[in-house]
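These notes are about the structure you will find just below.
The values are calculated or read from the model by the stated rules, or taken from the named source; none is laboratory data. Keep in mind that what you see is a predicted model, and the values were worked out from it rather than measured. Positions of Cβ are generated from backbone atoms using ideal geometry, with glycine treated the same way; all protein chains shown enter the neighbour counts. For the accessible areas, the whole protein counts, side chains as well, though only heavy atoms, and no ligand, DNA or RNA atoms are used. Shrake-Rupley method; radii C 1.70, N 1.55, O 1.52, S 1.80 Å.
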Amino acid sequence: MTRYDGDFERTFAALAPAHGRGFAQTWWGQAWLRALEETALDSGQLKAGRRLARAGAVGAVSVRPGRITAVVQGRDRTAHRADVLLEELTADQWDRFLDTAVERAGHVAALLDREMPPHLVEDAAATGIELLPGMGDLEPECGCGAWDHCGHTAALCYQVARLLDQDPFILLLMRGRSERALLDDLQARSAAPVPSRPAPSERFEPDGVDAAEAYATGGILPPLPALPELPAEPGVPPSLDTETPPEPGVDPAALEFLAARTAAEAHRLLAEALRADPEQHFTETELRLGQDAVRLAAGSPHAGVAERLADGSGRGREGLTAGVRAWHLGGVAALSVLDEEWTVEGESLARARAALESAWDEEERPALRAKGNRWTVVGAPGQLRLGRDGRWWPYRKERGRWMPAGGPTQDPATALAAVRYADEEQP
């Protein structure tokens, strides 16, 4: 999956492992790898890079003018940011390249078909413009501290060779021109001259359409298009790890996390919309601050973001951990049971007592102490909580705090059995 971030950055999702296959099938992808292999001084690092790329150790790849970036995990699972730099073309070089490209009609057609025509590269080289990198053109930078190509930057280059096979515009973006800008420039240079404006006597007004006729046909609408297919996974937000320092008060890691969670939530909502009946309308309760903090924390943020969520929501670290566990068990409903204590009265209380009375035989029934919607087992670290929908939720005391121990059931005995099972599983 590819994500466009404005005109000057594209982010590609991490590719699946590629065991037992080559990295470049096209001639331009192979030329890219030749530039890498002729530049690297240590063939062992190239082999290490091939192993990492084949194993799927290269994360999302960000492509910008003059630079490609990805986070690569080494064999020891340590992650490093890897960058490879490629010199951009100057404005004068781009002008000469565009003039060369429009001289042959096949050049533009080949680019639109995601191919790099050899004649275009040769014609550009004849004017002093090298589109493809040569020996020494791929300059590495890696967080591991290596001064030459290491396994991390080599892995990034091998992964980019696979991307180049699919789309040579990636190379042109590295050279400094986005696909949209490049095609606009090519169209402007190849378009026919605009005719001169006619004299006033030669101008004419269109006949137009009768107003009543236009209004009468306004209700005749074409059928709606088919629903879009659901993407296999959420989109990949752009990397904010650049040389430009953030503005005061801006946390790039927190922004990246929020963008990733927003993409995941959008993917979930789209999935629900595509599964639903077209006439069905969704109404979701807006989450409170503390609930939304738990929803975000359930997305496994790194430690710094989790600390901010714990402090900002007022839950604290342990309270946020309890909330995340509840969220995974039942979303907003489970979180409400965790947070709210309410008085069970009237018909709800009668049904609860009847359920507790019939759940066990007389000799097996545990001693329960009731408070609000919570029934605590006397002398044991177990508790039953009644949700407002009449379902029972199991809780277990851990280090002095009541923690969710399972999902909801209609039978209190089944819920309490989950507490006992969780108790037996504890070390």
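Numbers for the structure displayed
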read-out	value
Tally, over the range 243-274, of residues that are open to solvent by less than 60 Å² (accessible area, probe 1.4 Å) and without any contact (Cβ under 8 Å) to a residue 24 or more places away in the chain	5
Residues within the range 298-319 that are under 24 Å from the mean Cα position of the chain (by Cα) and under 22 Å from Pro394 (Cβ atoms), tallied	1
Filter result (open to solvent by less than 90 Å² (accessible area, probe 1.4 Å), over 15 Å from Asp411 (Cβ atoms) and not in a loop (DSSP other than H, G, I, E, B)) within the range 345-381	Gly346, Ser348, Leu349, Ala350, Ala370, Arg374, Thr376, Val377
Pick from the range 91-117, criterion closer than 18 Å to Gln30 by Cα and not in a helix (DSSP H, G or I), ranking: nearest to the chain's Cα centre (by Cα)	Arg114
Filtered residue count, the range 1-16, keeping only those that are closer than 19 Å to Val71 by Cα, of a type outside the set (Val, Ile, Thr), at pLDDT 65 or above and surrounded by 13 or more Cβ atoms within 10 Å (Cβ to Cβ)	6
Qualifying residue in the range 333-342 (condition: open to solvent by 50 Å² or more (accessible area, probe 1.4 Å) and more than 18 Å from Arg374 (Cα to Cα))	no
Which numbered condition Ser300 misses (of (1) of a type in the set (Gly, Ala, Ser); (2) more than 18 Å from Pro404 (Cβ to Cβ); (3) open to solvent by 30 Å² or more (accessible area, probe 1.4 Å))	(2)
Unique residue being under 30 Å from Pro234 (Cβ atoms) and at pLDDT below 90 when the list is Arg96, Arg81, Arg21, Arg67	Arg21
Helices (runs of 4 or more DSSP H) wholly inside the range 118-184 containing at least 2 residues that are surrounded by 17 or more Cβ atoms within 10 Å (Cβ to Cβ), in contact with a Gly (Cβ under 8 Å, 6 or more places away or on another chain) and among the hydrophobic types (A, V, I, L, M, F, W, C)	151-166
Some residue of the range 334-344 being without any contact (Cβ under 8 Å) to a residue 60 or more places away in the chain and part of a strand (DSSP E or B)	no
